[in-house]
1. Looking at (1) touching a Leu at 6+ places or on another chain (Cβ under 9 Å); (2) outside any strand (DSSP E or B); (3) farther than 19 Å from Thr214 by Cβ, which one does Leu73 not meet, given that it meets all the others?
2. If I go through the stretch 61-91 residue by residue, how many of them are open to solvent by 40 Å² or more (accessible area, probe 1.4 Å) and closer than 17 Å to Asp260 by Cα?
3. On the given criteria, is Gln149 of a type outside the set (A, V, I, L, M) and open to solvent by 50 Å² or more (accessible area, probe 1.4 Å)?
4. Go through Thr120, Thr105 for me and flag whichever is within 19 Å of Val232 (Cβ to Cβ) and among the polar types (S, T, N, Q).
5. Would you say Asp182 is acidic (Asp, Glu), open to solvent by 70 Å² or more (accessible area, probe 1.4 Å), free of Cβ contacts under 8 Å to residues at least 24 places away in the same chain and over 23 Å from His223 (Cβ atoms)?
6. Among the numbered criteria (1) open to solvent by less than 20 Å² (accessible area, probe 1.4 Å); (2) modelled with pLDDT of 95 or more; (3) touching a helix residue (DSSP H, G or I) at 6+ places or on another chain (Cβ under 9 Å), which single criterion is violated by Thr302?
7. So, in the stretch 92-120, how many residues would count as being in a loop (DSSP other than H, G, I, E, B), open to solvent by less than 30 Å² (accessible area, probe 1.4 Å) and either among the charged types (D, E, K, R) or closer than 20 Å to Gly67 by Cα (or both)?
Amino acid sequence: MIDLAPAEEAPFDGLDVAALADVLTDAGALRRGKVRDVIDLDDRLVLVSTDRVSAFDRVLGTVPFRGQILNELSAWWFRRLSDIVPSHVLAVPDPNVTVARKCRTLPVEVVVRDRLTGATSTALWTQYAAGQRRMYGMAFPDGMSKNEQLPKAIITPTTKAADGGHDMPITEADIVADGLVDAERWDEVRTVALEMFERGRTTAAAAGLVLVDTKYEFGLDEHDRLTVIDEVHTPDSSRYWRESTLEERLDGGLEPENLDKEVIRLVYVERGYRGDGEPPLLDPGLAGRTTHLYAEVFELLTGASLLPASYPASPRVEAVVRSL
């Protein structure tokens, strides 16, 4: 299993803003997101996946090797979904870096769900437990239980909030009616998203995992083609459960065995935090546990060992940026 020692000695929290300013003097502008730094090179983007982790739309701290795991796993998934939809990836020159084509981002996040679960304000279970029976334009019957499987996978879109804001639920009908995405394009998005999810669910099952739900982001490339961007089927953007223990744990009234960011969310909810105000800093022990779970998902899905990149990460990432 992955050795955490290098990250504990010198955790990677993205490139330092001052250091990036030096790197980008003749390169392009920097936009620092919650968990990813984006460098604009005019004709393409450089996406630096950091070890920062966010939940409830807040940055909580850092998870060692998170950026590498998500960047490399996304690249693996993008290749395996390329027959369904093209991705923005041009190259992956470093474990934490992706060079991507520019796309016009669609202003909605496409969330596909297969279970009545979740802990955030936009999650199905949070709303259902609060008494709502009509969510995202769909009716849900009384008497459902947490983590219950839905009759079929559904799309529950949200708006894309600016940094520091909260994503808000929106119906598919309102996406079209409000002019966020036109009807023909939304039909394409819906078809592609459900097909991607089914591919992900089948692949996960072969690895002993249950893909419960996931978030997709889409854009339009220079030829107006629908393109999947950001990341895909990572334990940050998706919920994974261990299949071998699922039935026994549900029968016993226990939470599923989570191998994703939900382990962090559940701890914060248990401690009374759901996104209002400044969050408590991420506990190092919880961060280390999350690294092991993320690494396990990576290795189960890809069938390959995770090879930890060198730390501190800034020198190698700066070198890659300078070379582009």
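The values are calculated or read from the model by the stated rules, or taken from the named source; none is laboratory data. Since the structure is predicted, the reported quantities are computational estimates derived from the model, not experimental observations. Cβ placement follows ideal geometry from the backbone for every residue including glycine, while neighbour counts extend to all protein chains displayed. SASA here: full protein model, heavy atoms, side chains in, ligands and nucleic acids out. Shrake-Rupley method; radii C 1.70, N 1.55, O 1.52, S 1.80 Å.
1. Among (1) touching a Leu at 6+ places or on another chain (Cβ under 9 Å); (2) outside any strand (DSSP E or B); (3) farther than 19 Å from Thr214 by Cβ, the lone unmet condition for Leu73 is (3).
2. 2
3. The answer is yes for Gln149.
4. Values: Thr120 fails: within 19 Å of Val232 (Cβ to Cβ).
Exactly one residue qualifies, and that residue is Thr105.
5. Numbers: acidic (Asp, Glu): yes; open to solvent by 70 Å² or more (accessible area, probe 1.4 Å): yes; free of Cβ contacts under 8 Å to residues at least 24 places away in the same chain: yes; over 23 Å from His223 (Cβ atoms): no.
No; evaluated as a whole, the condition is false for this residue.
6. Unmet condition: (1).
7. Let us first name the residues in the stretch 92-120 that are in a loop (DSSP other than H, G, I, E, B), namely 95-96, 102-103, 106-107, 117-120.
Applying the additional criterion that residues be open to solvent by less than 30 Å² (accessible area, probe 1.4 Å) yields 96, 106, 117-119.
Subsequent filtering for residues that are either among the charged types (D, E, K, R) or closer than 20 Å to Gly67 by Cα (or both) retains 96.
Number of matching residues: 1.
Here is a yes/no grid of residues against (1) surrounded by 12 or more Cβ atoms within 10 Å (Cβ to Cβ); (2) modelled with pLDDT of 95 or more; (3) more than 18 Å from Asp57 (Cα to Cα):
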| position | (1), (2), (3) |
| --- | --- |
| Gln127 | yes, no, no |
| Gly131 | no, yes, yes |
| Pro141 | no, yes, yes |
| Met144 | yes, yes, yes |
